[in-house]
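Asker: Below you will find the structure I want to go over with you.
The values are calculated or read from the model by the stated rules, or taken from the named source; none is laboratory data. As the structure is a prediction and not an experimental result, all values here were calculated from the model. Glycine gets a Cβ as well: all are built from the backbone with ideal geometry, and neighbour counts include every protein chain shown. Side chains are part of the model used for accessible areas, which takes the heavy atoms of the whole protein and leaves out ligands, DNA and RNA. Shrake-Rupley method; radii C 1.70, N 1.55, O 1.52, S 1.80 Å.
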Amino acid sequence: MDRIVLRNLACWLALLMAGCQTGPYPAATPQRVAAVTAAISPAVVRVDIAQAHYENGKQSLIRGNGSGVIIDQQGRILTNYHVAGRAIEIYVTLFSEERVPAKLIGDDHWTDLAIIQMDMDTVKKQHIQFSSAELGNSSAVVVGQDVMAFGTPFGLARTVTRGSVSNTDRTFFDEPKTLDIDGYETGDFSNWIQMDVPINPGNSGGPLVDLNAKVVGINTRGGGQNLNFAIPIDTAKPVIAAILASASPARKGRVDRSDLGFELLPMHQLESYYNIDINRGVLIDNVDHIGPYADAGGQAQDILLAINGAPTNVRFPEEMAAVRQRIASLPIGQDVQLTIKRGKETKTLIAKTSLLQGFLGDEEGFAQWGVSLRPVTRPFAVAQQMDQVAGVWITSVADGEPVERAHLQYGDVILSVNGVPVTDMAHFQSMYDQTLAAKLDSVALEVERDREVFTSILKVKEYAPSSDSNE
Amino acid sequence: MKSMNRLMAFVVTMILITGSAARADEAANIRKIFDLVKPSLVAVKYTWTNELGSQELTSAGVIVSEDGLVAFPITIVTPLLVPNDQMQRFKIIIPSDTGDETEIDATFQGRDERTSLAFVRPDSPEKWQAIKFEDLWPQTGDPLYSVGLLPKGAGYKAMITEAVMSTRLRGPVPQMLVSGQLAGVGSIVLDAQGRALGMVHARSIGDALLDNPENPEDLPMVFNPPRLYIPAGDFLPGIENPPSADKPIIIPWIGCEMKGLEKEDAEYFGLKDVPSVQVDDVIPDSPAAKAGLSKLDVITQIDGKPIERGDLPEELPDIVVRKIQRMNVGDKVTFTVIHDKGDTPKQVTLTLEPRPKEPQEAKRYYARDLGFVVREITFVDTYRRHAAASTTGVVVAQLRPQAAAQAARLEPQDLITQMNGKPVLSLDEFKKDYQDSRRDRPMDPLVLEVTKLDGKQQTINIQPPQEDAQPGM
């Protein structure tokens, strides 16, 4: 039997015996803290990544690091999206100080989670030992209970910090600006565990564990002071399952969710104005002009009372995430019954859910034109008040190359290429390839900027970078 | 040898005499120009009073008619989008070399954004010495003089500067570049014959003020002198036809957005060396829409003549707009248009209509107790939101810092479409409903349904301030 496994066994034994205390909330005695540390540390990794990123129309890499927790014996590691999401190169450093390559299995910016896979060939070849941590239940976490955070803050070697849970139901709904990670929306579908356990940059993705050495959260936001936040592990469990179920060698795993195309507001202090009972319904504050709810005849200021007969009551901001999660888990592309109150009337609308998209689609580079693009998603089209969801939009341009020479700029939407409307990124890619194959001197684009649509001519041959530049 | 030396001495003496005589003549000429212009230079002061406070603004002005009409650069008025009725207590300030300056009550006549001039007239009739501008362009190398006033901090002293005509810049507004320096914004540019050729114009707001409240000691025209002026030909029509309080200027429009064609784009359309603009958006029911102009049409000529060239393609739309704006409502204008390359050009004739009301022309109402100012909805408000022109509501013009409306995250530019569940149909109705609701139910929140600039709707719930909510206050 391997030494590390033996040591792990010994740790668990120590944990059982430490203080001989059982029950859900054991006290943080020195023995217990030492035992939890010994049990969890071999499952904690440092994660170093490189992310692709486009600047001035060219791909470049951004490097960063964070923490992660090994969740099974197949070498899968749970971490934050803002640590490993969109990574194209990953290395993990284990408790044994061995450095192992890893790859991204899948990610989900909405919950700020990502799963990476250690390269098991390397692990076997080098006889590297590791252990995995057991996931607990965050629903059982109570305010005041002791918890410990593991990670590699500032890229330092394994570090343990300790404190207690301050709030189990923290929402950021009230903040004037919605949360995002590099522009990718996050935090819509769950509340957070707030704790006074210090969390610093680099701690992100590491586990928050209870004194039974069970993972109850993933440390995500903090400033090293006494106001820090973790994603509850109960939020992570279905995300892990969905990512693993959808991942394939060709495509990274993802979480598909439903969307109805509206924004909600808690009813608190609006009940008398809308003449409705306390704790009933949720206000539909904004309706996307393109989207399922608009298609169903929905209007802003409708009050949503129930979805498929089950009530949707949101009086306070803390209750919002649960209703959003309910909508997200509806079957995609299917009819749902929405019971609403509009003025004095109560009525039922039938809406067909659509796949939830973020504002930002995946970014791709087109080196011969000197441009990077993202697809026009439904939220992008809504925010730009476009008439339809079509085209690709410019995220950066390379100086002196065709797109920049044509005076196109960040945010411009390419609607058509040589008169053919662009449907999506794959379609654009094929037309781009065709223009290159045909060695066209110039290409006519139809471009939308704010409300205006104009023609723009790319001098492809004249201004394209020399062929040895990276594509 | 001796005679040779004498001859040399004579020649040298002659050169010295003629040289100093020329300089003396020149100095006398400069003094003559300075004295000629000085009596026509005044300062114009007004109090900008809005819902949240007031401020005095002072600019240089020029007397342009014998009955005392004063023209001053619009710079200090328009960029602030100040509504006419917020500009009050106009004064014409007449500087004096020996005593205190004199302040005369005056009345605002209006502004002409086509020439970037505003006008004010003294209330008491008197005979004034006016400047007569002439539409003349100096040649490169011609000497120029500029006479203007120093700021209040320097006692409104008149100053003269010397410069040489350098070159003319092309663009929506013709500008003359000089080498040397000109006096401040609002000063007059003259040639060596004392003819008034133009005026120094539009710089940043601070530079345009004669009494900069932020920095009263500042002398921008001394330490950072202007080098550009506008030739009189550009603004003479405005001086000859100034607005008056009962006859404001009505600016015509065609109702479409345009973009100047880049060189490559023009060549693609077969329009090499033809300055052209492409129609990017046509506003429904506008003259452009009625005439059948459509998106992506390319305009190559106006009334059979090429579009005047700018230094950059971006300037072409402004050049077209300025040309249209100098026509009259009801005039017809014909565009030569193609839609695709190789098209046979067609003629599209538009009839000019008055430009829709601008935000600063809209009526306002101050909802004082909750701390926000609203104004009537105007064309730009619906256009920017992609909303129908028939949309009703009122638009938030200003918020009092720290007041209840701002605390509820109401923002400037928010379009209020409903108040307490009732659609807002007009400013008057909003005002009445607001006053009723605050009087009858002072403790109730005010619930507004707003559309943000990006088109998003939002419910704003304004909680009344506790102490102000006492009945009878």
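Asker: Of all the Cα-Cα pairs you can form in region A:88-156, what percent are over 20 Å apart?
Answerer: In whole percent, the share of Cα-Cα pairs in region A:88-156 beyond 20 Å is 49.
Asker: Considering the Cα trace of chain B, what is its radius of gyration and what is Dmax, both in angstroms?
Answerer: Cα only, chain B: 27.9, 113 Å (Rg, Dmax).
Asker: Using only Cα atoms, what Kirkwood radius does region B:316-377 have, in angstroms? It would help to have the intermediate numbers written out before the result.
Answerer: Details: mean 1/r = 0.0647 Å⁻¹.
When all Cα pairs of region B:316-377 are included, the Kirkwood radius is 15.5 Å.
Asker: Another question, then. A:ILE88's amide H: which non-local residues (gap 5+, or another chain) put their own amide H closer than 5 Å, with H modeled 1.01 Å from N in plane and none for Pro or chain starts?
Answerer: A:ALA50, A:GLN51, A:ALA52
Asker: Please identify the chymotrypsin sites (Phe, Trp or Tyr not before Pro) of region A:67-138 that satisfy two criteria: DSSP loop assignment and at most 10 other Cβ atoms within 10 Å. Which are they?
Answerer: none
Asker: Just the Kirkwood number for region B:423-467, please: inverse of mean 1/r across all distinct Cα pairs, in Å, one decimal.
Answerer: Numbers: mean 1/r = 0.0843 Å⁻¹.
When all Cα pairs of region B:423-467 are included, the Kirkwood radius is 11.9 Å.
Asker: Another question, if that's okay. For region B:304-376, which trypsin sites (Lys or Arg not before Pro) are both in a DSSP coil and crowded by at most 16 other Cβ atoms within 10 Å? Could you put the intermediate results ahead of the total?
Answerer: On the way: sites: B:ARG309, B:ARG322, B:LYS323, B:ARG326, B:LYS332, B:LYS341, B:LYS346, B:LYS357, B:LYS363, B:ARG364, B:ARG368, B:ARG375; in loops: B:ARG309, B:ARG326, B:LYS341, B:LYS357, B:LYS363, B:ARG368.
Within region B:304-376, the qualifying trypsin sites (Lys or Arg not before Pro) (loop, at most 16 other Cβ atoms within 10 Å) are B:ARG309, B:ARG326, B:LYS341, B:LYS357, B:LYS363, B:ARG368.
Asker: For chain A, take the longest principal axis of its alpha carbons; what is the angle in degrees between that and the long axis of helix A:30-40, to the nearest 10 within 0 to 90?
Answerer: 50
Asker: Compute the distance from the alpha-carbon center of region A:254-271 to that of region B:303-367, in whole Å.
Answerer: 45
Asker: Hey, which lysines would be in cross-link range of A:LYS237, C-alpha to C-alpha under 26 Å, not counting anything within fewer than 8 residues on its own chain?
Answerer: A:LYS237 reaches A:LYS103, A:LYS214, A:LYS252.
Asker: Here is a further query. In whole Hz and in residue order, list the ³J(HN,Hα) couplings for region A:388-393 that follow from phi through the Karplus curve 6.51 cos²θ - 1.76 cosθ + 1.60, θ = phi - 60°; x for Gly and Pro.
Answerer: The phi angles translate into 8, 8, 7, x, 10, 10 Hz.
Asker: Compute the semi-axes of the equivalent ellipsoid of region B:165-249, taking the square root of 5 times each eigenvalue of the Cα gyration tensor, and list them largest first in whole Å.
Answerer: Sorted largest first and rounded, they come to 23, 20, 12 Å.
Asker: Taking the 0 to 90 degree range and rounding to the nearest ten, how far is the long axis of helix A:3-17 tilted relative to the main principal axis of chain A, both from C-alpha atoms?
Answerer: Taking the Cα atoms of chain A, the angle to A:3-17 is about 70 degrees.
Asker: From the backbone phi of region A:271-282, what are the Karplus-calculated ³J(HN,Hα) couplings (6.51 cos²θ - 1.76 cosθ + 1.60, θ = phi - 60°) in whole Hz, Gly and Pro given as x?
Answerer: In residue order, the calculated couplings are 4, 6, 4, 8, 6, 9, 4, 4, 6, 9, x, 9 Hz.
Asker: Please compute the net charge surrounding B:LEU149, taking Lys and Arg as +1 and Asp and Glu as -1 over other residues with Cβ under 13 Å from its Cβ.
Answerer: +1
Asker: Could you rank B:TRP137, B:TRP48 by how accessible they are, 1.4 Å probe, largest area first? The partial results should precede the final answer.
Answerer: Details: B:TRP137 130, B:TRP48 50 Å².
Correct descending sequence by accessible area is B:TRP137, B:TRP48.
Asker: What are the semi-axes of the equivalent ellipsoid for chain A, taken as the square roots of 5 times the Cα gyration tensor eigenvalues, largest first, in whole Å?
Answerer: Rounded to whole Å, the semi-axes are 42, 34, 17.
Asker: In whole Hz, with x marking every Gly and Pro, tabulate ³J(HN,Hα) for region B:225-230 from phi via Karplus 6.51 cos²θ - 1.76 cosθ + 1.60, θ = phi - 60°.
Answerer: Computed from phi, the couplings for region B:225-230 are x, x, 10, 10, 9, 9 Hz.
Asker: Once fully extended, how much extra length lies between A:ASN167 and A:LYS124, figured as 0.36 nm per residue of separation less the alpha-carbon to alpha-carbon distance?
Answerer: Numbers: separation 43, 0.36 × 43 = 15.48 nm, distance 4.21 nm.
Stretched out fully, the A:ASN167 to A:LYS124 stretch lengthens by 11.3 nm.
Asker: How many percent of Cα pairs in region B:92-209 exceed 17 Å? Walk me through the numbers before you get to the answer.
Answerer: On the way: 4424 of 6903 pairs.
Result for the distance tail: 64 percent.
Asker: Would you be so kind as to list the residues of region B:265-309 that have their accessible area lowered by at least 20 Å² in the full protein complex compared with their chain by itself (1.4 Å probe)?
Answerer: Going by heavy-atom accessible area, the residues of region B:265-309 that drop by at least 20 Å² are B:ASP265, B:TYR268, B:GLN278, B:ASP280, B:ASP281, B:LYS295, B:LEU296.
Asker: Another one. For region B:17-77 and region A:410-471, what is the centre-to-centre distance using only Cα atoms, to the nearest Å?
Answerer: Their Cα centres are 55 Å away from one another.
Asker: Using DSSP to call loops (not H, G, I, E or B), can you name the trypsin sites (Lys or Arg not before Pro) in region A:238-308 whose Cβ has at most 13 other Cβ atoms within 10 angstrom?
Answerer: Passing both the DSSP loop test and the Cβ count: A:ARG251.
Asker: Return the distance in nm (one decimal) between the two label points of a simple spin-label model at A:LYS347 and A:GLN225, each offset 7 Å from Cα along Cα→Cβ.
Answerer: In this crude spin-label approximation the distance works out to 5.0 nm.
Asker: Under a point spin-label approximation (7 Å from Cα along Cα-to-Cβ), what is the A:ALA426-A:ARG251 distance to one decimal in nm?
Answerer: 0.8
Asker: Given Cα pairs under 8 Å that are at least 6 residues apart, what percent is the relative contact order of region A:108-247?
Answerer: On the way: 284 pairs, mean separation 38.1, N = 140.
This gives 27 percent for region A:108-247.
Asker: Based on the mean of other beta carbon atoms within 10 Å per residue, what is the order of A:443-452, A:57-66, B:182-191, most packed first? Mind dumping the intermediate values first?
Answerer: On the way: A:443-452: 18.9, A:57-66: 17.0, B:182-191: 26.1.
Peptide ranking by packing, descending: B:182-191, A:443-452, A:57-66.
Asker: Ignoring ligands, DNA and RNA and using a 1.4 Å probe, state the total buried accessible area between B and A in Å², rounded to the nearest 100.
Answerer: The contact between A and B buries close to 2800 Å².
Asker: Could you calculate the FRET efficiency of B:SER124 with B:GLN347 from 1/(1 + (r/R0)^6), where r is the beta carbon distance between them and R0 is 35 Å, rounded to 0.05? List each step's numbers first, then the result.
Answerer: Numbers: r = 54 Å, r/R0 = 1.53.
The formula returns an efficiency of 0.05 here.
Asker: What is the distance, in nm, between label points placed 7 Å from the Cα along the Cα-to-Cβ direction at B:ARG23 and at B:LYS290?
Answerer: For B:ARG23 paired with B:LYS290, the spin-label model returns 6.7 nm.
Asker: Would you tell me the accessible area of B:LYS127, worked out with a 1.4 angstrom probe on the heavy atoms of the protein chains, in Å² to the nearest 10?
Answerer: 150
Asker: Right, another one. Between B:ILE307 and residues 5 or more places away or on another chain, which pairs have amide H atoms under 5 Å apart, with H built 1.01 Å from N, and which residues are they?
Answerer: HN-HN under 5 Å from B:ILE307: B:ILE302.
Asker: Let me ask something else about it. For A:HIS53 and A:GLU462 in one chain, what is 0.36 nm times their gap in residues minus the Cα-Cα distance, to one decimal in nm?
Answerer: Length gained between A:HIS53 and A:GLU462: 144.6 nm.
Asker: If you average the alpha carbon positions of region A:181-253 and of region A:338-365, how far apart do those two centres end up, in angstrom?
Answerer: Taking the Cα centre of each part, region A:181-253 and region A:338-365 sit 27 Å apart.
Asker: Between rounded, prolate and oblate, where does the protein assembly as shown land on the alpha carbon gyration tensor, with a ≥ b ≥ c its root eigenvalues, rounded for a/c under 1.5, else prolate if a/b exceeds b/c?
Answerer: Prolate, because a/c is 1.5 or more and a/b exceeds b/c.
Asker: Which angle from 0 to 90°, rounded to the nearest 10, does the C-alpha axis of helix B:316-325 make with the longest principal axis of chain B?
Answerer: The angle comes out at about 80 degrees.
Asker: Between A:ASP450 and A:GLN434, what is 0.36 nm times their sequence separation minus the Cα-Cα distance? Round to one decimal in nm.
Answerer: 2.9 nm
Asker: Let me ask another. Once amide H atoms are placed 1.01 Å from N in the peptide plane, what residues at a sequence separation of 5 or more from A:ARG257, or on another chain, have their amide H within under 5 Å of its amide H?
Answerer: Here A:LEU356 satisfy the definition.
Asker: Taking all protein chains as present, what is the carbon and sulfur share of the accessible area of the protein assembly as shown, in % to the nearest whole number, probe 1.4 Å?
Answerer: Solvent-exposed carbon and sulfur of the protein assembly as shown make up 51 percent of the total.
Asker: Tell me, what are the semi-axes, in whole angstrom and largest first, of the equivalent ellipsoid of region A:128-255 as set by the roots of 5 times the Cα gyration tensor eigenvalues?
Answerer: Equivalent-ellipsoid dimensions as semi-axes: 22, 20, 16 Å.
Asker: Keeping all protein chains in place, calculate the accessible area per residue for chain A (probe 1.4 angstrom), answer in Å².
Answerer: Per residue, chain A has 43 Å² of solvent-accessible surface.
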